[in-house]
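After the structure tokens below, expect a handful of questions from me.
The values are calculated or read from the model by the stated rules, or taken from the named source; none is laboratory data. None of the values given here were measured: they were computed from a predicted structure. Cβ: placed from backbone, ideal geometry, glycine included. Neighbour counts: every protein chain shown. Remember, those area values only see protein heavy atoms, side chains included, never the ligands or the DNA or RNA. Shrake-Rupley method; radii C 1.70, N 1.55, O 1.52, S 1.80 Å.
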Amino acid sequence: APQPGSVAAVGTMFYRNLIVGNRVSDGMTGVQLWISCVENVVAGNTVERQRKPGLFFYASGTTLASSMPRTWNRGISPLFWNLAEGNRTDTCSDGALVTSGDAPGLPVEFPRALGNVLRHNSFVTSRQNGVIVTSRKSESGMDASASVVGTVAEFNVVRDAPVAYHSGQGSDGVVLRRNHAYAWHAASGAAEPAVAFRIDSPATACALELNSVEGKAGTKDATITEV
């Protein structure tokens, strides 16, 4: 039950939609869950040649005010329990980005993005990351509280990205299990070796289970940094 002094936020929610079987080429973003998206299913989509991420899952929590103007990208906007399964992206900035746009100077009192699942997807030739889970909170360097929590990435394939699977600042409780990281071709313009699994903060709880890493000749080689 709400306690005395509680504030209730009422807004729009995009709930239990099915985004299935689409093909998106040569645009900005393939499939975007943008603010207050809960229990949606994104499945069987093909995304090619996007300027930004192939799958872009975004939460927000950008004000502490008890009242606020109805402006774009403001408010308490959860990204809870969405599922991306069986999608393929090719030549995007990131294959899949799960993130929160919290203003860096504000505290995190609860996760903005919670329990999202990426399963059985293929992310090919991403220019930055195959999968990245992160928050803008890292920009402040002040608040280490996680706003992207409980993300599960399993049974995915990432091929030929500078970083295959990336748990960035502001994320916690990340599960990376039974994923494949392939580095068959050097990433375009990459100054460093490919990284299979990158965890930015030593404080992040990240389960790494039964993943595999493969280099140019079908076996792991020294040109890939595993973790």
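Going by the structure shown, is Asp90 closer than 25 Å to Gly218 by Cα, at pLDDT 95 or above and open to solvent by 40 Å² or more (accessible area, probe 1.4 Å)?
Working: closer than 25 Å to Gly218 by Cα: yes; at pLDDT 95 or above: yes; open to solvent by 40 Å² or more (accessible area, probe 1.4 Å): yes.
Yes, satisfied.
When region 27-46 is examined, which residues are found to be surrounded by fewer than 18 Cβ atoms within 10 Å (Cβ to Cβ) and assigned to a loop (DSSP other than H, G, I, E, B)?
Matches in region 27-46: Met28, Glu39, Gly44.
Here is a follow-up. How about region 149-182: which of its residues are surrounded by fewer than 24 Cβ atoms within 10 Å (Cβ to Cβ), closer than 20 Å to Glu214 by Cα and in contact with a Gly (Cβ under 6 Å, 6 or more places away or on another chain)?
Those that are surrounded by fewer than 24 Cβ atoms within 10 Å (Cβ to Cβ), closer than 20 Å to Glu214 by Cα and in contact with a Gly (Cβ under 6 Å, 6 or more places away or on another chain): none in region 149-182.
Identify, please: which residue in region 206-223 is modelled with pLDDT of 95 or more and not in a strand (DSSP E or B) and is, among those, farthest from Tyr165 (Cα to Cα)?
Leu210
Okay, moving on. Are any residues in region 65-87 of a type in the set (S, T, N, Q) and either under 24 Å from Ala146 (Cα atoms) or at pLDDT below 95 (or both), and if so, which ones?
If the condition is that a residue be of a type in the set (S, T, N, Q) and either under 24 Å from Ala146 (Cα atoms) or at pLDDT below 95 (or both), then Ser66, Ser67, Thr71, Asn73, Ser77, Asn82 are the ones that fit.
Then there's this: Please determine whether any residue of region 146-154 is under 13 Å from Val98 (Cβ atoms), at pLDDT 95 or above and of a type in the set (Ser, Thr, Tyr).
Within region 146-154, one or more residues are under 13 Å from Val98 (Cβ atoms), at pLDDT 95 or above and of a type in the set (Ser, Thr, Tyr).
Further question: For region 184-194, does any single residue satisfy the condition of being open to solvent by less than 30 Å² (accessible area, probe 1.4 Å) and within 14 Å of the chain's Cα centre (by Cα)?
No, that holds for no residue.
Select from region 75-87 the residues that are within 16 Å of the chain's Cα centre (by Cα) and either open to solvent by 10 Å² or more (accessible area, probe 1.4 Å) or more than 20 Å from Ala113 (Cα to Cα) (or both) and list them in ascending order.
Pro78, Phe80, Trp81, Leu83, Glu85, Gly86, Asn87
Another one. Quick test for you: out of Val148, Val227, Val175, pick the one residue that is under 25 Å from Ser60 (Cα atoms) and free of Cβ contacts under 8 Å to residues at least 60 places away in the same chain.
Val175
Same structure again: Applying the selection to region 47-64, what residues are assigned to a strand (DSSP E or B), open to solvent by 10 Å² or more (accessible area, probe 1.4 Å) and at pLDDT below 95?
Tyr58
Considering Gly189, Gly130, which residue is modelled with pLDDT under 95 and either farther than 22 Å from Arg88 by Cβ or not aromatic (Phe, Trp, Tyr) (or both)? Give the steps one after another, and end with the answer.
Values: Gly130 fails: modelled with pLDDT under 95.
Sole residue among the options that is modelled with pLDDT under 95 and either farther than 22 Å from Arg88 by Cβ or not aromatic (Phe, Trp, Tyr) (or both): Gly189.
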